[in-house]
1. Just need the relative contact order of the chain here, percent rounded to a whole number, with Cα pairs under 8 Å and 6+ apart.
2. Calculate one ³J(HN,Hα) per residue across region 174-187 by plugging θ = phi - 60° into the Karplus curve 6.51 cos²θ - 1.76 cosθ + 1.60, and present them in order as whole Hz with x for glycine and proline.
3. Taking amide H positions as placed in the peptide plane 1.01 Å from N, state which residues far from L145 in sequence (5 or more) or on other chains have amide H under 5 Å from it.
4. Provide Rg and Dmax in Å for region 152-191, with only Cα atoms included in the calculation.
5. Give me, ordered by chain and number, the residues 5 or more places off L17 or on other chains with an amide H under 5 Å from its own placed amide H.
6. Quick one: Karplus J couplings for region 115-129, per residue in order, coefficients 6.51, -1.76, 1.60, θ = phi - 60°, nearest Hz, x for Gly and Pro?
7. Apply the Karplus curve 6.51 cos²θ - 1.76 cosθ + 1.60, θ = phi - 60°, to the phi angles in region 82-90 and return the couplings in whole Hz, x for Gly and Pro.
8. By the gyration tensor of its Cα atoms, with a ≥ b ≥ c the square roots of the eigenvalues, what is the shape of the chain: rounded for a/c under 1.5, prolate for a/b over b/c, or oblate?
Amino acid sequence: MTLLQVMAADDADKVLLRTTDDAVIAAQLADRGITFDRWPVVDNAADTASDALLAEYTDRVTELNASGRYRHIDIARIHPDDANPEWPRIAKGAREKFLDEHRHAEDEVRFFAGGRGCFYLHLDDAVLAVVCEGGDLLSVPAATLHWFDMGTRPDFIAIRFFEEEDGWVGDFTGDRISEGFPTLDQLLAAP
């Protein structure tokens, strides 16, 4: 389920809004300059090769990139691999890379073709936790303070849009704010 939980930046226990209504989510995010959209989901996306998956979304990607702004479009995948004894270490390392507050010089645009992840947007006096699942498109504007949690068992496929080849360069703030907010797993477990 797609979920938006808005919390006070100085008190994560102060929940200002919690909703799974796509229209409310889109409106709340739009009011803050964040783009949220829903695209159809391809059946068996996890089993579809990246090139074939990009081909499935050609029309949507072309429309989103009509200006030609995004010169590098790729797919990021991470799936549980319980047969690999290194999987717990790999998953932990992948997750920890994004858990600290940072910003980017360009927009962070992601379409979740499958699985889930949570973007935490630190906007003035609020933190918006946006749990994205298959079908969700989120565009975080450049310079927006945020962090990302893929959960303790990472599993997602995301089409990523970059202006520059090295588009994911994080400018980490050093602020430990993320440690005081519920994780993706905790958000999903909450009533």
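FYI, it's all coordinate maths here, none of it is from the lab. It should be emphasised that the depicted structure is a prediction, and the values quoted were computed from it without experimental measurement.
1. Values: 365 pairs, mean separation 56.0, N = 191.
After rounding, I find 29 percent.
2. x, 6, 8, 3, 4, 5, x, 10, x, 6, 4, 4, 5, 4
3. Long-range HN contacts for L145: H122.
4. 14.6, 41
5. V6
6. Each residue's phi maps through the Karplus curve to give x, 7, x, 10, 8, 10, 9, 8, 10, 6, 9, 9, 10, 9, 9 Hz.
7. Rounded to whole hertz, the list is 5, 6, 8, x, 8, 3, x, 5, 4.
8. Numbers: a/c = 1.41, a/b = 1.19, b/c = 1.19.
It is rounded, given that a/c, with a ≥ b ≥ c, falls under 1.5.
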